[in-house]
1. Quick one: which residues, 5+ away or cross-chain, put their amide H under 5 Å from the amide H of A:Gln60? H built at 1.01 Å from N.
2. Take every Cα-Cα pair in segment B:1-130 and report what % of them are more than 19 Å apart.
3. Over all directions, average the projected area of the Cα convex hull of segment A:81-207 and note it in nm².
4. Which is the longest stretch in chain A that no exposed loop site breaks, taking sites as chymotrypsin sites (Phe, Trp or Tyr not before Pro) with a DSSP loop state and at most 10 other Cβ atoms within 10 Å?
5. Strictly greater than 47 Å: what percent of every Cα pair in the protein assembly as shown meets that?
6. Ignoring any ligand, DNA or RNA, what whole percent of the accessible area of segment B:2-255 comes from carbon and sulfur when the probe is 1.4 angstrom?
7. When N counts the residues of segment A:10-103, how does its alpha-carbon radius of gyration compare numerically with 2.2 N^0.38 Å, as a ratio?
8. If you plug each phi of segment B:27-41 into the Karplus form 6.51 cos²θ - 1.76 cosθ + 1.60 with θ = phi - 60°, what whole-Hz ³J(HN,Hα) values come out, in order, with x for Gly and Pro?
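The values are calculated or read from the model by the stated rules, or taken from the named source; none is laboratory data. Please read all numbers here as calculations on a predicted model, not as lab measurements. When we count neighbours, we look across all protein chains shown, and the Cβ atoms used for this are built from the backbone with ideal geometry, even at glycine. Accessible surface is based on the protein model in full, side chains and every heavy atom, while ligands, DNA and RNA are left aside. Shrake-Rupley method; radii C 1.70, N 1.55, O 1.52, S 1.80 Å.
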Amino acid sequence: MPNAIDVTDLTVAYRDTPVLWDIDLAVPEGVLMAIVGPNGAGKTTLIKAMLGLVDVAAGQTLIYGEPYARQRSLVAYVPQRGSVDWDFPTSVLDVVMMGLYGRLGWVKRPGKKERAAALEALDKVGMQDLADRQISQLSGGQQQRVFLARALVQDAQVYFMDEPFQGVDATTERAIVTLLQELRQAGKTLVVVHHDLQTVPEYFDWVLLLNVRRLAVGPVAEVFTEENLRLTYGGRIPFVQAASVNEP
Amino acid sequence: MLHDLLFDYTLRTVALGAATLGIVSGSLGTYAVLRGQSLLGDAISHAALPGVALAFMLTGSKAPLVLVIGAALAGWIGTLAVMTVVRRSRIPYDAALGMVLSVFFGFGLVLLVSVQRHPTGNQAGLDTFLFGQAAALVASDLVVMATLGVLALGVALLFWKEFKLLAFDDEFGASLGLPMRRLDILLTTLLVIAIVIGLQTVGVVLMSAILVAPAAAARQWTDRLGLMMGIAAFFGALAGAGGAILSATTARLPTGPTIVIFAGVLVVVSLLFAPQRGLVAAWLRARRNRTNLREIGVLEDLYTLALQHPTDPRHPHPVATLETMTAHPESVKAGLASLAERGFAEPIGEAQWSLTDAGFAAAAAIARNTRLEER
């Protein structure tokens with residue numbers, strides 16, 4: 001059984017500066033993994049590099065043992081909420097159906113089947129009533145739920161999520177965590193860029209500590225230690241009480 | 001006027017041609033506006049000028065198809081130059097646009113002047129490409145414009161969902177495996193077509209306005225992409241035909257600027273009067289909110305005073321008292337007046353006011369809700 005994700009020797013550079021340096025990463029199937037690290041650590045870039053959205057200087061990413069380009073149907077992506085213009089003239093249902101565009105094929109328009117699938121995904125994030133809402137009228141939490149529904153409709157095995165908790169209300173955060181844990185229990189693999197160190201042990205079972213280089217990766221209980229956090233954050237650990245971190 | 005439009009050959013050609021270019025550039029301009037690429041149209045149209053002059057110099061022909069192909073090639077090369085500069089250097093997008101626009105345009109002007117000096121060039125009439133001249137449109141121009149326009153719109157409809165994804169979230173599209181860069185080039189090519197078919201009528205200097213203005217105006221009226229495109233096409237046709245007819249029937253009125261003024265009026269009207277996004281609607285909403293807040297404030301103050309007279313809740317109070325209870329004493333009288341209109345308060349004697357039974361009940365309900373929220 002190959003790993004869900006295998007990254008070897010991944011290096012990304014913007015001009016002369018390495019953003020990611022020689023990353024090796026093996027994520028087994030059925031894991032809910034956080035990527036944590038300081039600002040500019042390359043968390044978003046790592047996800048984009050694994051998805052082939054940025055040019056890599058070296059290295060490769062395998063999804064279930066095959067290059068990503070051949071495994072797209074197994075992968076779903078939730079970009080950062082702020083990466084799009086929410087004043088774009090379109091509806092919630094329309095955005096969710098975009099998750100099906102890859103499968104739909106060229107020129108074909110989404111039909112009844114796609115509508116039904118999108119409504120089902122919206123139901124899972126508690127947004128079915130807002131299907132016809134214009135996206136400019138959504139709150140931050142609702143925007144995030146729409147992006148999650150768009151990924152759910154892809155019906156993937158591996159999910160890459162870029163800060164799904166960024167700027168959402170407490171209710172939405174709980175709802176998203178529950179959803180992520182349900183997906184993991186269904187055998188899916190999830191890789192989530194995360195900012196709040198406090199909640200790492202509560203929400204996730206694996207963690208990748210990243211700061212340009214890979215500093216540690218593995219089960220939270222083993223690698224989410226104060227020593228590793230110090231390595232990652234250069235001595236200053238933000239917002240962490242000793243209690244929430246496993247002593248080495 | 002209508003008779004002329006139907007039976008005067010020149011006027012009919014002019015109106016149809018200008019409407020065609022308005023429809024095509026209005027529709028495709030929707031994507032330029034939504035993708036924040038409005039200035040790209042300006043760069044393309046200016047970059048097209050040397051193409052027009054070169055096409056004439058190389059072929060000696062003024063056939064519309066020849067000039068349009070020359071314009072399209074040059075416009076396209078200009079666009080590629082912008083993209084290459086942005087990708088290969090540290091020069092930012094707007095600087096690259098400005099550079100390509102002015103260098104190509106300058107080159108085009110040099111060529112244009114030397115063509116005019118040429119003995120056969122005097123009748124060339126290429127200078128119409130600067131500010132546009134609808135009166136110069138003939139049937140063969142119309143055929144070229146309509147054919148290219150239908151082609152461009154057809155491709156845009158064919159790749160409807162792909163272009164929508166490109167405009168909304170191109171990285172997500174790339175993650176799905178769609179060739180977003182090639183779609184980008186295709187859409188930009190359509191934009192080039194939309195621009196070159198309008199060059200002779202509107203001119204390179206102002207062509208980008210007819211690309212951007214109808215779409216910007218249309219955005220005010222709807223939140224649906226398809227509808228926005230339809231309205232933009234309609235606005236484009238309206239501005240194009242209106243401006244062209246006016247210019248063709250009035251002496252010394254340049255076509256391009258007249259069309260652009262028409263489009264500008266549409267933008268101003270849309271900005272002001274669109275039902276949801278319009279400034280007037282926003283102002284009315286704000287005023288309604290202010291009135292509501294003012295009413296609620298005065299109602300609560302009257303209620304507070306009434307509670308001090310448990311045996312006589314309708315005991316009247318002077319306006320002056322109410323004015324001491326708020327940070328906005330100047331709004332008390334207006335608030336009382338609108339409360340009276342709703343039947344929540346009534347004047348008693350001179351400058352004295354009291355709650356009605358309905359007003360008392362309403363105030364009590366508000367007070368209850370406030371307490372619930374505070375809990």
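1. Under 5 Å from the amide H of A:Gln60 lie the amide H atoms of A:Thr8, A:Leu10, each far enough along the sequence or on another chain.
2. On the way: 4923 of 8385 pairs.
So the pairs more than 19 Å apart make up 59 percent of the total in segment B:1-130.
3. Numbers: hull surface 32.1 nm².
Mean projected area for segment A:81-207: 8.0 nm², to one decimal.
4. Working: sites that count: A:Trp106, A:Phe239.
The answer is A:107-238.
5. Details: 73134 of 193753 pairs.
Of all Cα-Cα distances in the protein assembly as shown, 38 percent exceed 47 Å.
6. Working: 7250 of 10320 Å².
Answer for segment B:2-255 is 70 percent, counting heavy atoms of protein chains only.
7. Details: Rg = 15.4 Å, N = 94, 2.2 N^0.38 = 12.4 Å.
Compared with the compact-globule rule of thumb, segment A:10-103 sits at 1.24.
8. With coefficients 6.51, -1.76 and 1.60, one gets 4, 6, x, 3, 5, 4, 5, 5, 8, x, 10, 4, 6, 4, x Hz.
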